[in-house]
Amino acid sequence: MTEGDTPTEPVASTTPAELKARIDAREDVFLLDARSESDFEEWHIDGPTVDVVNYPYFQLLDGIPSDLHEELPEDRTITVLCAKGGSSELVAGHLAEAGY
């Protein structure tokens, strides 16, 4: 995949309210936060059943880098989040094309 290519794999979306309900219900949640490191440090989602990895969107434009593969679970649903939704959709498409 080259820069500017968009993933073709369809991805499911979730609303903030749905994600909050999953976390409140203590479901197992894995988040890939695609916001900048400074935004992540300012605030991020956490909880006793939440695992989160911050990897800025601009580093994911060409797909999923090998060092990130090491941090992603192969046996769990990965929820990608960003500030507005567009970046997370692109990153989720890259994840789907990579087999997640």
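The values are calculated or read from the model by the stated rules, or taken from the named source; none is laboratory data. Model, not experiment: these values are computed from the prediction. Neighbour counts run over all protein chains shown; Cβ positions are idealised from the backbone, glycine included.
Among the residues that make up the range 77-85, is at least one of them of a type in the set (Gly, Ala, Ser), under 19 Å from Ser13 (Cβ atoms) and in contact with a Leu (Cβ under 9 Å, 6 or more places away or on another chain)? Within the range 77-85 (the criterion being of a type in the set (Gly, Ala, Ser), under 19 Å from Ser13 (Cβ atoms) and in contact with a Leu (Cβ under 9 Å, 6 or more places away or on another chain)), the answer is no, since none of the residues qualifies. Being modelled with pLDDT under 95, acidic (Asp, Glu) and out of contact with any helix residue (DSSP H, G or I) (no Cβ under 8 Å at 6 or more places or on another chain) is a property that holds for Asp46.
Residues checked against (1) assigned to a helix (DSSP H, G or I); (2) polar (S, T, N, Q); (3) at pLDDT below 95:
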| position | (1), (2), (3) |
| --- | --- |
| Asp5 | no, no, yes |
| Thr8 | no, yes, yes |
| Glu18 | yes, no, no |
| Ala83 | no, no, yes |
| Leu90 | yes, no, yes |
| His94 | yes, no, yes |
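Restrict the check to the range 20-28 and report whether at least one residue is touching an Asp or Glu at 6+ places or on another chain (Cβ under 7 Å) and touching a residue at least 12 places away in the same chain (Cβ under 8 Å). No, every residue in the range 20-28 fails to be touching an Asp or Glu at 6+ places or on another chain (Cβ under 7 Å) and touching a residue at least 12 places away in the same chain (Cβ under 8 Å). Taking the range 29-81 as the search range and keeping residues that are small (Gly, Ala, Ser) and assigned to a loop (DSSP other than H, G, I, E, B), which one is surrounded by the most Cβ atoms within 10 Å (Cβ to Cβ)? So the residue we want is Ala34.
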